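Scroll down for the structure; my scribbles are underneath it.
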Amino acid sequence: MGAYEVWIATLLVARLTTFVHQHQLGRAVQEMLFDLTSAIGRKRHPDVALVSVDRWPRHRQLPRTEAWELATPS
């Protein structure tokens, strides 16, 4: 991403974080690597993402690994 795109992503994640926190929807993250190999056989690295409480419960701590492996929907 270029400087402008990083700035836009920063604005988006700031607003998304506020909304997500107010409504207890999950976590908003920026530039996070997601390990989805168990679900789709790939890893993804979006600029901005929302991880819902369905995928990662609020009480569960964030991983200390390179990639965030999310629970697959049941």
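Can you list residue pairs whose Cβ atoms sit under 7 Å apart, with the first residue in the range 36-47 being free of Cβ contacts under 8 Å to residues at least 40 places away in the same chain and the second being of a type in the set (S, T, N, Q)? Count only pairs 6 or more apart in sequence or on different chains.
Pairs that qualify, where the first residue is free of Cβ contacts under 8 Å to residues at least 40 places away in the same chain and the partner is of a type in the set (S, T, N, Q), are 38/72; 39/72; 43/37.
Only residues that are of a type in the set (D, E, K, R) and closer than 22 Å to residue 10 by Cα: list them for the range 44-63, please.
Hits for the range 44-63 are 44, 47.
Just so you know, all these numbers are worked out from the coordinates, no wet-lab data involved. Given the structure is predicted, the values throughout are model-derived calculations rather than measurements. Note that each Cβ is placed from the backbone with ideal geometry, even for glycine, and that neighbours are counted across all protein chains shown.
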